[in-house]
Amino acid sequence: MTSMVSIMYHIVMAITLALILCSCTLEDERDLCCPDPLTMHFVYRPLGVNAFHDNIHTLRHFLFDGEGAFITEIPQSSEIDRLGLNMNPGSYTMVTVGNMSGRTLHEYGEEKTISQFLLRHTAPAKRNLQAFDITDELFWGVKHFSIDSDGRGAEESMSRIGYATNVLVTEMSNIHCHLNVTVEWIGRPPYVGNYEMELSGIHTKYSLNPESATLTADGFSVPEGQECGDYRLDVPLRQLGLRAEFVTLRYTDASIPTLRIKFDGESVIPDIDLGKAFRTWGWHPSATHVQEYNILLRVINENHVDVVPMIEGSVADWVNGGSFG
């Protein structure tokens, strides 16, 4: 009986050790025990912790060969944060875009190469087809990799080819911007009804060519913005004030928008150069990965507006971003 228990003990220990040695984990991307086919995992770690499922709800995968020629779009899998790759040996680049809807279109260009690959916002604003409505909360990720004759993959970079593995990981980056605007009048607003808020000078296209991408201060890759345009929202007056949230493509240090408040097509306050305010507050969009901005406009009168930042709904230490008018 003791001998049988000893045998069973050693069998259990052997199985446990095998499971430990061959368990798949994203913590060690060199793991060679994960089952074939090669699997690409997608993560979004803005603060070092994976927040993928809280932010990304759909993915589209665009596959290019080692020379940058478009091959195909790979359908999203049932588990959107991972994708099985079963393809011929060779070098590849996969560009993945998160949260695309009918508001966002992609274009390959005539030659269908990655150098001409574009993403553009298409949703027009209500009652103004020359301006845009809010965009999708977009994310993107790029992975250069190769596949060997055994179906295993390796990361590729300009300087090296990495170790062979059954698991590759694509780091996703936030490539949209939130701007929350609150407007308060000192006194009564001039009109009752729907106002218009407009932002001008924001990119409406991205180049999805990885070679033109830049890095934020914390190392996230973001695409190059192209073609600036206007975004516009209809905003009802409530409790003698206005509140709106713009979702747009990213700002850069060179493309911080101008804000206008209108009623029936006519401006009711001076134009607000947000670039001036951002520089005063030390906000540098090009270096910032997650762009979430909150501002308050205090309208003293039709010719005088103060702009201050807000943090978690409160005015941030009264750092005036400038008086306009």
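Here ARG232 meets the list (1) basic (Lys, Arg); (2) in contact with a strand residue (DSSP E or B) (Cβ under 9 Å, 6 or more places away or on another chain); (3) over 19 Å from ASP133 (Cβ atoms) almost entirely, failing just condition (3).
For region 127-153, the set of residues classified as open to solvent by 40 Å² or more (accessible area, probe 1.4 Å) and not in a strand (DSSP E or B) consists of ARG127, ILE134, GLU137, ASP148, SER149, ASP150, ARG152, listed by residue number. If the condition is being small (Gly, Ala, Ser) and under 17 Å from the mean Cα position of the chain (by Cα), then region 257-294 contributes SER286, ALA287.
Can you report the number of residues in region 273-302 which are within 24 Å of ASN174 (Cα to Cα) and of a type in the set (A, V, I, L, M, F, W, C)? Talk me through it step by step, then tell me what you get.
Initial filter on region 273-302 (within 24 Å of ASN174 (Cα to Cα)): 274-275, 277-279, 281-295.
Adding the requirement that they be of a type in the set (A, V, I, L, M, F, W, C) leaves 274, 277-278, 281, 283, 287, 290, 295.
Total satisfying the criteria: 8.
Candidates HIS57, HIS61: the one that is in a loop (DSSP other than H, G, I, E, B), within 18 Å of GLU171 (Cα to Cα) and either modelled with pLDDT of 95 or more or open to solvent by 30 Å² or more (accessible area, probe 1.4 Å) (or both) is HIS57. Once region 222-259 is narrowed to residues that are open to solvent by 20 Å² or more (accessible area, probe 1.4 Å) and part of a loop (DSSP other than H, G, I, E, B), the residue that is nearest to ILE202 (Cα to Cα) is ILE256.
Among residues that are out of contact with any Gly (no Cβ under 8 Å at 6 or more places or on another chain), at pLDDT below 95 and either crowded, with 16+ Cβ neighbours inside 10 Å or under 26 Å from PHE220 (Cα atoms) (or both), SER157 is included. Scanning region 192-227 for residues that are within 18 Å of the chain's Cα centre (by Cα) and small (Gly, Ala, Ser) turns up SER207, SER212, ALA213, ALA217, GLY219, SER221, GLY225.
The values are calculated or read from the model by the stated rules, or taken from the named source; none is laboratory data. Model, not experiment: these values are computed from the prediction. Cβ coordinates were reconstructed from backbone atoms using ideal geometry, including for glycine residues, and neighbour counts include every protein chain displayed. Heavy atoms of the whole protein, side chains included, go into the accessibility calculation; ligands, DNA and RNA do not. Shrake-Rupley method; radii C 1.70, N 1.55, O 1.52, S 1.80 Å.
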